Amino acid sequence: MAGPAHRPMTRAFDAVLLANLSAVNKLVAAYVLACLDADAGRRPPPTVLEELQLAEDLAQAAQQLTHHARQATDPPHKQRSIPCSSP
């Protein structure tokens, strides 16, 4: 059975990316629940600052995922490294 036609990423990098995506997923879930609670009158809606922070966290996670995908498809001589930090 042949493997994928790309350079395999290290497990540590994959673990960091997955941890960051998981953290952002929790933030999105909390935002959705907060909006539903606000619609039901149980709490005030998320603030603009909370929404902006979520947007920044999502953008950072998207950048990390894009980088990961490009690293997997770029030839080794074109690969570049960016630091991954948690959202």
Residues of segment 26-78 satisfying the condition of being closer than 30 Å to residue 14 by Cα and not in a helix (DSSP H, G or I) | 74, 75
Within the set of pairs 6 or more residues apart or between chains, which connect a residue that is over 12 Å from residue 60 (Cβ atoms) and without any contact (Cβ under 8 Å) to a residue 24 or more places away in the chain inside segment 16-29 to a residue that is of a type in the set (D, E, K, R) and part of a helix (DSSP H, G or I) with Cβ atoms less than 6 Å apart?
-> none
Note on segment 51-73: residues open to solvent by less than 90 Å² (accessible area, probe 1.4 Å) and either in contact with a Gly (Cβ under 9 Å, 6 or more places away or on another chain) or touching a residue at least 12 places away in the same chain (Cβ under 8 Å) (or both) are 51, 54, 57, 58, 60, 61, 64, 65, 67, 68, 71, 72
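The values are calculated or read from the model by the stated rules, or taken from the named source; none is laboratory data. Just so you know, these numbers come straight off a predicted model, no measurement behind them. Cβ sites come from the backbone with ideal geometry, for glycine too, and all protein chains shown count toward neighbours. The protein model used for the area step is the full one, side chains on, heavy atoms only, and it has no ligands, DNA or RNA in it. Shrake-Rupley method; radii C 1.70, N 1.55, O 1.52, S 1.80 Å.
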